[in-house]
1. Could you run the Karplus curve 6.51 cos²θ - 1.76 cosθ + 1.60 with θ = phi - 60° over segment 339-345 and give me ³J(HN,Hα) per residue in whole Hz, x for Gly and Pro?
2. Say the cut-off is 19 Å between C-alpha atoms; which of 70/116; 70/92; 92/116; 37/81; 70/96; 151/340 go over it?
3. In whole angstrom, note down how far apart the Cα centers of segment 138-190 and segment 328-348 are.
4. Kindly state, to the nearest 0.05, the FRET efficiency for residue 50 paired with residue 157, given R0 = 51 Å and r defined as their beta-carbon distance.
5. Give, as a single signed number, the net charge of other residues whose beta carbon lies under 10 Å from the beta carbon of residue 305, with Lys and Arg counted +1 and Asp and Glu -1.
6. Tally Lys/Arg at +1 and Asp/Glu at -1 over every other residue whose Cβ is under 12 Å from the Cβ of residue 73; what's the total?
7. With a 10 Å Cβ neighbour count serving as the proxy for reagent exposure, in which order, fewest first, do 151, 74 appear?
8. Excluding residue 126 itself, what net charge comes from residues whose Cβ is under 13 Å from its Cβ, given Lys and Arg +1 and Asp and Glu -1?
Amino acid sequence: MQVMIRKKRIRFCHRFVEKSDPFETLPDDLVICVLSKLCSSSAFPSDFVSALIACKRFNRLGHNQSVLSKSGQKLFGMRAKNWSESAHRFLKQCVKAGSVEACYFLGMIRFYCLQKRGSGASLMAKAAIRSHAPALYSLAVIQFNGSGGGKCDKDLRAGVALCARAAYLGHIDALRELGHCLQDGYGVPQNIDEGRKLLVQANARELSSVFPSVSLTSPSPRSLMTSHTAGNHRTLHHHQHQHFGQQVLTFSGSDAGTGALWSDSGCNVPAPEPHPVNRFLMDWFGLNGVEPGSGLRMCSHPGCGRPETRPHEFRRCSVCGTVNYCSRGCQSHDWKLRHKAQCTPAEEWPNEAGGGGHGGMVVAQGGEDGS
């Protein structure tokens, strides 16, 4: 009798082990570590969502603050058509957990899409304080344009300072914007030579980001940022050597001052992949058919998605007047992608811009659009 009871107990134990979830045996700290890595490296939001719905325990641990704080930018790569209150709530959870990417993503959505300018700018500033380069550059664009306010709300010096910080952190568009500011004396004392050198450095970084095998030697960005923001115009001996296959391209002296994009110099550089939040903005105002507002225009660069927050906020092309840009970075990208082939002098168009072409690249300036 005792032998039969013992056998029944053994069978019951085997059945219990077979039916139990193997994930339940893993320690919590190991699961949190794996989910944190997945949260930071997910290529699509569905990758992380699939893990959360695997079991109740994964779902509970996946909402742990230490997991959400590691959120990578691609985790928020949702389409505008999928925006919902639950998506908004998840982003707020990530912000509360301390995710820098969530602060930037939700800040941009609130500022441009939901038109909650104050809370949007506050969230972007929260990311910028933690040295998030795209947030710093976006705040610089807002300062240059006076977005969310009037023309008198422009703060060019603040825009230059934010660009300098973002450029130091490796943001190519911020470095290019800073170069144009120095060239034009826009928010900083004019220094054409140093501005052109920064443009060449931005182009070199753009090429090296597309072709990792390219070797570049250039001055320290820290020394450049320090000298420009302090208004020091001493001459820097700038030499850039670029090894591309068997060809060696050297730029120094007057050759370094052309400021032409690498695609204009014989190298077919593809367009950089837009940030997920820029794709969201393009979806929101494009595919969804949502208008930014009466008389408001979108940035003409297809990889941007920023709308105007007041009429004539963005600067127009000074040659054709048919396109407008939120920044010189967007202008440079759109010029090499398509506008170079489309730009033709207009016989007559609204008097909102003036000036002429510059170095093969149009300059957006004049009037309310480019003051």
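All of the numbers you see were taken from the coordinates with simple rules; none came from a lab. Computed from a predicted model, the values in this text were never measured in an experiment. Cβ sites come from the backbone with ideal geometry, for glycine too, and all protein chains shown count toward neighbours.
1. So the Karplus estimates, Gly and Pro as x, are 5, 4, 7, 9, 6, 9, x Hz.
2. 70/116; 37/81; 151/340
3. What the calculation gives is 21 Å, centre to centre.
4. Once the sixth-power term is evaluated, E becomes 0.60.
5. +1
6. In short, +1.
7. On the way: 151 12, 74 17.
By the 10 Å Cβ count, ascending: 151, 74.
8. Cβ neighbours under 13 Å give a net charge of +3.
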